[in-house]
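**Student:** Take a look at this one; I'll ask things after.
The values are calculated or read from the model by the stated rules, or taken from the named source; none is laboratory data. Bear in mind that the values here come from a model prediction, so they are computed numbers and not experimental data. Here the Cβ is made from the backbone with ideal geometry for all residues, glycine too, and neighbour counts use every protein chain on show. Side chains included, ligands, DNA and RNA excluded: accessible areas come from the protein's heavy atoms. Shrake-Rupley method; radii C 1.70, N 1.55, O 1.52, S 1.80 Å.
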Amino acid sequence: GRFNELVKLIHRVQRERGATTAWLASRGLGSVMPGSCGAGSLVVDLRRRTDSVALIAATRLGADTGGMLRKLRDQADSSCGASPRATAQAPALTPPELARTFYSVHNGYSRLIASLLTRALGDVERSVLPAIAMLKEQSAQQRAFISGVAFLPDESLAATPARAIGMLLKTVERQNELRGSLRHKVARMAPEVRRAVDEALVLPDEISRI
């Protein structure tokens with residue numbers, strides 16, 4: 001059904017976001033291109049998987065989703081000198097340009113996922129599913145950002161826009177709000193529901209350490 005199709009697509013786009021931001025950020029350290037071994041080939045594989053799910057959901061999504069995804073991919077590819085439409089090797093990004101592009105691509109993917117979540121969860125507002133899905137997206141945003149930051153050279157890290165750090169802090173705040181809301185909603189539900197929600201509330205180790 002519509003809900004399952006969109007949930008699968010959201011999961012694929014989340015994975016693509018994480019791989020893309022890491023690949024883009026590592027350009028400053030001599031990243032490989034898509035199609036060869038390493039981060040680039042992972043991006044290609046994940047894009048292929050996203051597209052296979054998107055094809056199934058295409059009749060329900062409209063042209064805007066596909067167009068937004070293509071723009072994000074083109075931005076990442078051109079920044080890494082891997083765009084098939086490029087007539088010459090792209091000049092190396094300066095550290096501030098790399099930092100801004102990294103944030104722009106990460107933020108673009110997150111806006112796309114937010115749009116997909118709104119569509120997917122429109123029919124299930126009275127259940128705990130929206131809160132769980134949004135909670136998982138906060139963790140996915142954090143993972144993608146942190147994995148990318150780990151590859152940024154020091155000069156780019158120092159030039160990362162303040163709003164990027166603000167975005168990360170907002171996901172933590174939103175995460176805490178959602179955790180509190182979920183605990184309140186399931187307090188009187190069946191034990192198996194409470195156990196499932198408790199599992200969703202456990203933060204990944206890399207996020208907990210922050």
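**Student:** I'd like the accessible area for residue 199: 1.4 Å probe, protein heavy atoms, all chains in place, Å² to the nearest 10.
**Tutor:** Number for this one is 140 Å².
**Student:** Roughly how many Å² of residue 11 are accessible to a 1.4 Å probe, to the nearest 10?
**Tutor:** Using a 1.4 Å probe on the heavy atoms, I get roughly 90 Å².
**Student:** What does the highest-first list of 108-117, 174-183, 18-27, 158-167 look like by mean Cβ count within 10 Å? Show your work: numbers first, answer last.
**Tutor:** Values: 108-117: 18.2, 174-183: 16.0, 18-27: 25.3, 158-167: 13.7.
Result, highest mean first: 18-27, 108-117, 174-183, 158-167.
**Student:** Could you please put 79, 104 in sequence from largest to smallest accessible area, using a 1.4 Å probe?
**Tutor:** Highest to lowest solvent-accessible surface, that is 104, 79.
**Student:** Kindly report, to the nearest 10 Å², the accessible surface of residue 154 as traced by a 1.4 Å probe over protein heavy atoms only.
**Tutor:** Counting only protein heavy atoms, residue 154 exposes about 120 Å² to solvent.
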